[in-house]
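Accompanying notes for the structure given below.
The values are calculated or read from the model by the stated rules, or taken from the named source; none is laboratory data. Values in this document were obtained by computation on a predicted structure and should not be read as measured data. Note: ideal-geometry Cβ built from the backbone for every residue, glycine included; neighbour counts use all protein chains shown.
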């Protein structure tokens, strides 16, 4: 079974901790061992695993990403969001996470982030848990 959940982003570039939503999907799957695949069906957003203990890390990452890939560069794409497509490609559209003893196997300080690059928008994230 696949589970979908909505995410409302508030800024053009934003990282939102979705760890609890993914854990909820895992719990409702009933799978105790296997893989949890998290997928972002958008071309201007992505996913990553990173530190979730200090909110300054997310602010630093968002700021660095905007400096690395500025919104106002000389892009050919007519919609004006080429920077968003590039940023989302740096993160990627999916994550594969190990499930053991009914829990996501994340490191002590790790969380799962939805990485918005073209907000604010209403977004979706999909979770599929595979029994292994």
Worksheet entry | Subset of the stretch 82-132 that is part of a loop (DSSP other than H, G, I, E, B), within 18 Å of residue 30 (Cβ to Cβ) and in contact with a strand residue (DSSP E or B) (Cβ under 8 Å, 6 or more places away or on another chain) - its residue that is modelled with the lowest pLDDT | 132
Worksheet item: Does residue 117 satisfy the condition of being touching a residue at least 24 places away in the same chain (Cβ under 8 Å), closer than 23 Å to residue 6 by Cβ and within 13 Å of the chain's Cα centre (by Cα)?
Response: yes
Worksheet, complete the sentence: Only unsatisfied item for residue 71, checking (1) touching a residue at least 60 places away in the same chain (Cβ under 8 Å); (2) surrounded by fewer than 19 Cβ atoms within 10 Å (Cβ to Cβ); (3) touching a helix residue (DSSP H, G or I) at 6+ places or on another chain (Cβ under 7 Å), is (1)
Discussion item. Given the criterion touching a helix residue (DSSP H, G or I) at 6+ places or on another chain (Cβ under 8 Å) and touching a residue at least 40 places away in the same chain (Cβ under 8 Å), identify the matching residue among 13, 49, 22.
Written reply: 13
Worksheet item: Counting residues that are modelled with pLDDT under 95, which strands (runs of 3 or more DSSP E) fully inside the stretch 1-72 reach at least 2?
Response: none
